[in-house]
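Read through the structure below, which is laid out as structure tokens, and then see the notes.
The values are calculated or read from the model by the stated rules, or taken from the named source; none is laboratory data. Being a predicted model, the structure only gives us computed values, none of them experimental. Neighbour counts run over all protein chains shown; Cβ positions are idealised from the backbone, glycine included.
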């Protein structure tokens with residue numbers, strides 16, 4: 001019987017490494033004294049065996065045994081493919097040179 005593992009949902013913000021993606025996980029927590037809801041963000045590295053995750057994808061990650069010094073999560077499912085937006089290029093600056 002397999003133990004229940006913690007799972008989180010986040011957005012891929014980096015995929016430059018081989019078989020590793022950086023996932024941004026956001027959560028809402030109340031402030032301990034003032035009780036205002038605050039957004040907490042955490043970046044975690046997750047193992048992606050097939051290199052099929054790209055920047056902007058929403059993924060579900062689950063906790064696993066330590067894979068490396070900083071990798072303790074594994075991508076279990078790609079929930080939605082994301083749109084990669086190219087940075088704005090100023091065409092007028094290129095014409096003046």
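Whether a residue is over 9 Å from the mean Cα position of the chain (by Cα) and touching a residue at least 40 places away in the same chain (Cβ under 8 Å) was assessed, and residue 64 passes this test. Of the residues in region 31-53, at least one is closer than 13 Å to residue 11 by Cβ and at pLDDT below 95. Residue pairs whose Cβ atoms lie under 9 Å apart, separated by 6 or more positions or on different chains, with the first residue in region 30-49 and farther than 16 Å from residue 66 by Cα and the second at pLDDT 95 or above and part of a loop (DSSP other than H, G, I, E, B), are 30/36; 37/31; 38/31.
For region 1-53, residues that are outside any strand (DSSP E or B) and surrounded by fewer than 17 Cβ atoms within 10 Å (Cβ to Cβ) total 20.
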